[in-house]
Amino acid sequence: MRRLAPDHKTIADYRRENGAAIIGACRAFVLFCRDQGLFKAQLVAIDGAKFRAAASTNRVLDKQRIAEEIEKIEKQIAQYLSGLDETDALEPAENKGAAANALSALKNRRAQLDRLLEHLDRDDRHLVVDGEPDSRPMGFGKGGKPPSYNVQIAVDADTGIIVHHDVTDEVNDQRMLHPMAKAAKETLGLDALTVVADTGYSSGNEAAACEADAITAYVPAKRSVNNQGTGDQFDRSSFAYNAEQDQFTCPADRILRRKGPVTRNAFNYVSQDCSGCDLKARCTQAERRWVSRHQHEDALERMSARVKENPGMMRKRRCSAEHPFGTIKRMMSGRFLTRGIKGTSTEMALSVLAFNLIRSTNLKALAR
Ligand code: SF4
């Protein structure tokens, strides 16, 4: 081998130069498992988890912070240029070289900031991560939102093998149910599929898209917050919807009719007359009460009704979808080492391939 040995960059270079092949190997192993009959393919559990990107929270910038830095850099460039003119004749040659380098570094940084601004405008975002613009600040609660990627997996619930995965920049799971379920259905080569996911995936659009693609989804409804007045006024659930007449009946037995076209995926309904109502103090501070209904509310209701009829589904989801993430997060220390969607997708494909190899080997060992 002529003393050939890996150095600190060997694995990183291999991963960078062979991204497509690594992703292909991960996919090929899933198809191999399918062809070997390893999947039960009766239920697929979908789940998502945030993985930290290789960038610190301090590198999250908005337009104002970028503008402030540009202003500072332009002042520094102007100072350097005027200083260079004055000292041109006096300074020794090596000092001039150092000044030119500093000037060039400032100009490079200025160009980088321009690219970040373009990124913000192009993707219509408020925040961008300096040095890792494919990632996005994600997370809940107080404190900073660290730059992260949202990793999605679809797991064969009976065997625990990952059927499909994806690295995305979606800040939540609301738009991921249908794409993940559809990809899993295609990989498994099925005409119809049953999937289960947690409340974060609850969405009328996704429920309707799943129904249209012969995917039966079990996703609990997101409990809505009562944001009427002080929070103790009637919320949406106090209004009964009549599908035949496409209208609501309020707690005082009066009618709310649909008004105008769909806006932000929902239709709005308004009471015809709230005058003289004894319940008005508990209903609205406006002249009339408005209620909205998602354009695919029927599909959403059918989806959450299935969960109510089969509460065991959520236990199955927990047992199957959360285990792979636990193992993969331990393998990767919960964060990516690579940057950009291309690098992180390769890194995740390696981890999923490793997980599936271990899982399928264990299954074979158990079956002996
Ligand atoms: S305020 Fe209007 S919508 Fe509310 S209960 Fe009374 S009549 Fe019905």
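The values are calculated or read from the model by the stated rules, or taken from the named source; none is laboratory data. If you're wondering where the values come from, they're calculated on a predicted model, not measured in any experiment. Cβ sites come from the backbone with ideal geometry, for glycine too, and all protein chains shown count toward neighbours. Note: areas computed on protein heavy atoms with side chains; ligands, DNA, RNA excluded. Shrake-Rupley method; radii C 1.70, N 1.55, O 1.52, S 1.80 Å.
Among the residues of the range 1-28, write down those that are of a type in the set (A, V, I, L, M, F, W, C) and surrounded by 17 or more Cβ atoms within 10 Å (Cβ to Cβ). Once the filter is applied, which keeps residues that are of a type in the set (A, V, I, L, M, F, W, C) and surrounded by 17 or more Cβ atoms within 10 Å (Cβ to Cβ), the range 1-28 yields Ile22, Ile23, Cys26. Among the criteria (1) open to solvent by 30 Å² or more (accessible area, probe 1.4 Å); (2) within 30 Å of Ala214 (Cβ to Cβ); (3) in contact with a helix residue (DSSP H, G or I) (Cβ under 8 Å, 6 or more places away or on another chain), the one Glu244 does not fulfil is (3). Thr263 meets each of the listed conditions (1) open to solvent by 60 Å² or more (accessible area, probe 1.4 Å); (2) closer than 30 Å to Ala20 by Cβ apart from (2).
In this structure, Lys280 qualifies as within 16 Å of the ligand (Cβ to nearest atom) and at negative phi. Among the conditions (1) touching a strand residue (DSSP E or B) at 6+ places or on another chain (Cβ under 6 Å); (2) open to solvent by 10 Å² or more (accessible area, probe 1.4 Å); (3) within 25 Å of Leu353 (Cα to Cα), the only one that Lys182 does not satisfy is (1).
Within the range 58-73, identify whether any single residue is open to solvent by 40 Å² or more (accessible area, probe 1.4 Å) and within 27 Å of Lys329 (Cβ to Cβ), and answer yes or no. Yes, the range 58-73 contains a residue that is open to solvent by 40 Å² or more (accessible area, probe 1.4 Å) and within 27 Å of Lys329 (Cβ to Cβ). It is to be established whether one or more residues within the range 290-313 are open to solvent by 30 Å² or more (accessible area, probe 1.4 Å), within 16 Å of the ligand (Cβ to nearest atom) and not aromatic (Phe, Trp, Tyr). The answer is yes, given that some residue of the range 290-313 is open to solvent by 30 Å² or more (accessible area, probe 1.4 Å), within 16 Å of the ligand (Cβ to nearest atom) and not aromatic (Phe, Trp, Tyr).
Sub-6 Å Cβ pairs linking a first residue in the range 264-283 that is of a type in the set (Ser, Thr, Tyr) to a second residue that is more than 9 Å from the ligand (Cβ to nearest atom), at least 6 apart or interchain, are Tyr269/Arg258, ordered by first then second residue.
If only residues of the range 259-271 that are at pLDDT 90 or above and not aliphatic (A, V, I, L, M) are counted, the one that is farthest from the ligand (Cβ to nearest atom) is Phe267. Given the residues Ala221, Ala217, which is the only one that is away from the ligand (no atom under 14 Å from the Cβ), within 27 Å of Ala154 (Cα to Cα) and either of a type in the set (Phe, Trp, Tyr) or outside any loop (DSSP other than H, G, I, E, B) (or both)? Exactly one residue qualifies, and that residue is Ala217.
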